[in-house]
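Engineer: Have a look at this one.
A short reminder: the numbers here are calculations on the coordinates, not readings from a lab. These figures come from a predicted structure and were not determined experimentally. Neighbour counts are summed over all protein chains in view; Cβ atoms, including those assigned to glycine, are modelled from backbone coordinates with ideal geometry.
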Amino acid sequence: MKPSNKLRVAVVGSGYLGRFHAQKYAALPNVELVGVVDIDPAHAKSVAEEVNTRAFAHHRELRGRIDAASVVVPTAAHFPVSRDLLKDGVDLLIEKPMTETLEEAETLIQLAESGNRIVQVGHLERFNPAVMALDDIVKQPRFIESHRLSAFQPRGTDVSVVLDLMIHDIDLVRSLVTSDIADVKAAGMRMVSEHLDVVNVRIEFTNGCVATITASRIAPANERRMNIYQQDAHISVDFATHETIILKKEDTGQGDPALGVETETRSLPGGDALMDELRSFVRSVKTRETPVVSGEMGRDALRIALDIEAKIADNSF
């Protein structure tokens, strides 16, 4: 690391999301944004000029120049780019999905372990204020239902809606339910792209909890909501507005047998989830602490997502 103690960082991939990564890094006082990489020189130059850094045409040009990087290239390139950077001793934040295959994910995890490198996976929803506030609310959920619906846009259609959108909720559900998966049932269909555009999944856990997740990228309006049911409460979370509503059985404290429900609404400031994610990554790199979303967590979410795709392929018509 440089004598100034600034972390030398690069962004590999200067597309829609990569540009935001570059902007956030450029605003962090303890980070030096060394450069932006893209196979399109004009695109890399445009983003680099915007954040006052250098443009590079290939990630190999970064060798010896950086300590850490965000990998924000198309999913098919996650593995080769991340593999090269890990071999060069670089800590990584890899956008979700981590890789295309489990074998690739395992290889990256092994490379990180052998080289004592940090790998964080970009499950951005973990840094949503509404999600972070669930720690003191959710206890042993019995039923979870989640809807992640989006109006159609071509960006992201290089993969299925499972890997594009649903994987966020797969990761969140796994973080809320401390139990092994007993069974997965799934249905889905292609409508506008070459990949699955609408998917519904039912996940059954060995402790009896059931989660149903629906994801669509051809919805009339955007929706990101999760309902969590547990013994003492119904918790409704709106990821877009950061509002959480908690419904509980009313307790008068006087032995009143009358039935009733008390409602608590928590509205949280919007925050900046991407900035919080990058700050967390930088902190992990500097302290060598395990990231909030480790490579193993990213691999586990990918495993479930690929299983869902396989089940739908087996039942296609």
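Engineer: So for the chain: antiparallel DSSP bridges make up what percent, rounded to the nearest 5?
Structural biologist: Working: 41 of 69 bridges.
Counting DSSP beta bridges with both partners in the chain, the antiparallel share is about 60 percent.
Engineer: Can you tell me the dipole magnitude for the chain around its Cα centre, using point charges on the Cβ only (Lys, Arg +1; Asp, Glu -1), in Debye to the nearest 20?
Structural biologist: Numbers: 36 positive and 47 negative charges, 195 e Å.
So the dipole magnitude of the chain works out to roughly 940 debye.
Engineer: Could you derive backbone 3J(HN,Hα) for the stretch 79-90 from the dihedral phi with the Karplus parameters 6.51, -1.76 and 1.60 (θ = phi - 60°), listing whole Hz in sequence and x where the residue is Gly or Pro?
Structural biologist: The phi angles translate into 5, x, 5, 5, 4, 4, 5, 4, 5, 7, x, 9 Hz.
Engineer: Now, a different point. If I take R0 = 35 Å and measure r between the Cβ atoms of Met132 and Ile39 in this structure, what FRET efficiency does the formula 1/(1 + (r/R0)^6) give, to the nearest 0.05?
Structural biologist: 0.50
Engineer: Rounded to the nearest 0.05, what FRET efficiency is calculated for Thr263 and Ala313 with R0 set to 35 Å and r the Cβ-Cβ distance?
Structural biologist: On the way: r = 43 Å, r/R0 = 1.23.
The formula returns an efficiency of 0.25 here.
Engineer: Say the cut-off is 19 Å between C-alpha atoms; which of Lys6/Lys286; Lys139/Lys249; Lys45/Lys286; Lys24/Lys286; Lys139/Lys248 go over it?
Structural biologist: On the way: Lys6/Lys286 10 Å; Lys139/Lys249 16 Å; Lys45/Lys286 29 Å; Lys24/Lys286 17 Å; Lys139/Lys248 13 Å.
Exceeds cut-off: Lys45/Lys286.
Engineer: From Cα pairs below 8 angstrom and at least 6 apart in sequence, can you work out the relative contact order of the chain, rounded to a whole percent?
Structural biologist: 17 percent
Engineer: Another question about this same structure. Highest GNM mean-square fluctuation, the chain, Cα pairs closer than 10 Å: which of Gly64, Gly188, Gly15?
Structural biologist: In this elastic network of the chain, the residue with the biggest mean-square fluctuation among Gly64, Gly188, Gly15 is Gly64.
Engineer: Continuing with the same structure: What is the extension gain from Thr107 to Gln140, computed as 0.36 nm multiplied by their sequence separation minus the C-alpha to C-alpha distance, in nm to one decimal?
Structural biologist: Working: separation 33, 0.36 × 33 = 11.88 nm, distance 3.34 nm.
Residue separation times 0.36 nm, minus the Cα-Cα distance, leaves 8.5 nm.
Engineer: Using a basic spin-label model with each label point 7 Å from the Cα along Cα→Cβ, how many nm lie between Tyr16 and Asn30?
Structural biologist: Computed distance between label sites Tyr16 and Asn30 equals 3.2 nm.
Engineer: In degrees from 0 to 90, rounded to the nearest 10, what is the angle of the helix 295-314 Cα long axis to the longest principal axis of the chain?
Structural biologist: Value to nearest ten degrees: 70.
Engineer: Taking the Cα atoms only, what angle lies between the long axis of helix 273-287 and the longest principal axis of the chain, rounded to 10 degrees?
Structural biologist: 60 degrees
Engineer: Treating the angle as unsigned and between 0 and 90°, give the value, to the nearest 10°, between the Cα long axis of helix 167-176 and the longest Cα principal axis of the chain.
Structural biologist: 60 degrees
Engineer: Would you kindly derive the ³J(HN,Hα) couplings of the stretch 231-238 from the backbone phi angles with the Karplus curve 6.51 cos²θ - 1.76 cosθ + 1.60 (θ = phi - 60°), listing them in order in whole Hz, with x for Gly and Pro?
Structural biologist: Listing the rounded values in order: 4, 10, 6, 10, 10, 10, 10, 9 Hz.
Engineer: Using alpha carbon coordinates only, what is the Rg to Rh ratio of the chain, with Rh defined as the Kirkwood radius? Intermediate results must be reported in sequence, preceding the final value.
Structural biologist: Working: Rg = 20.9 Å, Rh = 20.8 Å.
Expressed as Rg/Rh, it is 1.00.
Engineer: I've got another one for you. Calculate one ³J(HN,Hα) per residue across the stretch 141-157 by plugging θ = phi - 60° into the Karplus curve 6.51 cos²θ - 1.76 cosθ + 1.60, and present them in order as whole Hz with x for glycine and proline.
Structural biologist: x, 10, 8, 10, 10, 9, 10, 10, 10, 9, 5, 5, 8, x, 4, x, 7
Engineer: Here's a follow-up. Using only helices, what value at 222 nm comes out for the chain when you add -39,500 (n - 2.57) per DSSP H run of length 4 or more and divide by the total residues, to the nearest 500 deg cm²/dmol?
Structural biologist: On the way: 8 runs with 97 residues, N = 317.
Counting only the DSSP helices, I get -9500 deg cm²/dmol.
Engineer: Additional query: Over 25 Å, how big is the tail of the calculated P(r) for the stretch 7-117, in percent of all Cα pairs? Can you show the working numbers first?
Structural biologist: Numbers: 887 of 6105 pairs.
The answer is 15 percent, as a whole percent.
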